[in-house]
Structure formats: structure tokens, C-alpha cells
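Remarks on the structure that follows.
The values are calculated or read from the model by the stated rules, or taken from the named source; none is laboratory data. In this text the structure is predicted, and so the values were computed from the model without any measurement. Neighbour counts are summed over all protein chains in view; Cβ atoms, including those assigned to glycine, are modelled from backbone coordinates with ideal geometry. Quick note on the areas: whole protein, heavy atoms, side chains included, nothing else; ligands and nucleic acids left out. Shrake-Rupley method; radii C 1.70, N 1.55, O 1.52, S 1.80 Å.
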Amino acid sequence: QVQLVESGGELVYTGGSLRLSCAASGLPSSSLNMGWFRQAPAKEREFVAVLSRRSRSTLYANSVKGRFTLSRDNAENTVWLQMNNLKPEDTAVYYCAAGGSFSANSRLYEYWGQGTQVTVSS
């Protein structure tokens with residue numbers, strides 16, 4: 001069974017940086033497309049970014065393009081989301097997801113983590 005565990009969320013100030021991690025177990029993360037989604041209070045879950053299973057392709061939401069970077073460490077079976085120049089509108093619970101589709105559609109992901117809170121204060 002695939003399990004995903006996120007970590008790294010905390011309170012930061014506008015312009016700050018955070019690095020979220022998603023540790024996978026049960027299957028090599030390199031065999032899965034790994035995505036990040038976020039959900040702010042009273043809002044629907046939205047796509048952030050996805051990294052293809054062989055790390056050949058990435059896709060970012062327009063709102064984070066140029067600020068967020070996805071990477072994978074196959075040895076540690078971990079995916080990293082580096083977030084720079086954070087803004088208050090980035091405040092949300094961030095979820096790691098994995099599955100067989102390289103997609104921004106959350107319905108196409110089979111596995112989900114429990115989420116980690118990111119709060120950006122001005």
C-alpha cells in the first residue's frame with residue numbers, strides 16, 4: 001500500500017521560503033507521477049504542480065510558476081516542493097498526491113497524504 005507523508009509546513013512571512021517534502025512508501029516514487037495540491041479555508045482544492053514519474057516533465061499552476069520548484073530524490077523516495085517568494089495567498093493546507101496520471105486534475109490521483117499547513121503572514 002502506498003503511503004505519502006508530507007512535512008515542512010510552517011508560518012513564514014511574505015517573501016519567505018519553505019521546502020515541503022513528501023516521503024513515499026510502498027512503491028518507488030519514481031514509478032509515480034507526484035503532484036501537489038492545496039486547499040485554503042472555504043476554497044476548493046487546487047492544483048499546484050506535478051512531476052512526471054521519470055522527472056522528465058513538470059507542470060505548474062500559473063499562480064506559482066517561477067516561484068515554486070518540484071524535484072525528486074529517488075534514493076530517499078521523496079519529492080520536494082521548494083517555495084520561494086511566498087505570498088499570503090499561498091496560505092493553505094498542502095497535499096501531496098501520487099498516481100498514474102500526469103495531470104492537474106485531482107480526481108486522477110490514487111494516493112494522498114494527510115496535508116501540511118503553510119501559513120504566510122504579511
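Filtered by the rule that a residue be closer than 15 Å to L18 by Cβ and open to solvent by 70 Å² or more (accessible area, probe 1.4 Å), segment 59-81 gives a lone residue, T69. The single condition among (1) over 12 Å from M34 (Cβ atoms); (2) open to solvent by less than 10 Å² (accessible area, probe 1.4 Å); (3) in contact with a helix residue (DSSP H, G or I) (Cβ under 8 Å, 6 or more places away or on another chain) that F47 does not satisfy is (2). Could we say that R54 is touching a residue at least 24 places away in the same chain (Cβ under 8 Å), open to solvent by 70 Å² or more (accessible area, probe 1.4 Å) and charged (D, E, K, R) here? In short, yes.
Beta carbons closer than 7 Å, at least 6 apart along the sequence or on distinct chains, pair a first residue in segment 1-20 that is under 19 Å from W36 (Cα atoms) and open to solvent by less than 20 Å² (accessible area, probe 1.4 Å) with a second that is acidic (D, E) and not in a loop (DSSP other than H, G, I, E, B) for L20/E6. Of everything in segment 84-122 that is part of a strand (DSSP E or B) and under 11 Å from the mean Cα position of the chain (by Cα), the residue that is surrounded by the most Cβ atoms within 10 Å (Cβ to Cβ) is C96. Of the set (1) in contact (Cβ under 8 Å) with a residue 40 or more places away in the chain; (2) under 17 Å from T119 (Cβ atoms), all apply to V64 but (1).
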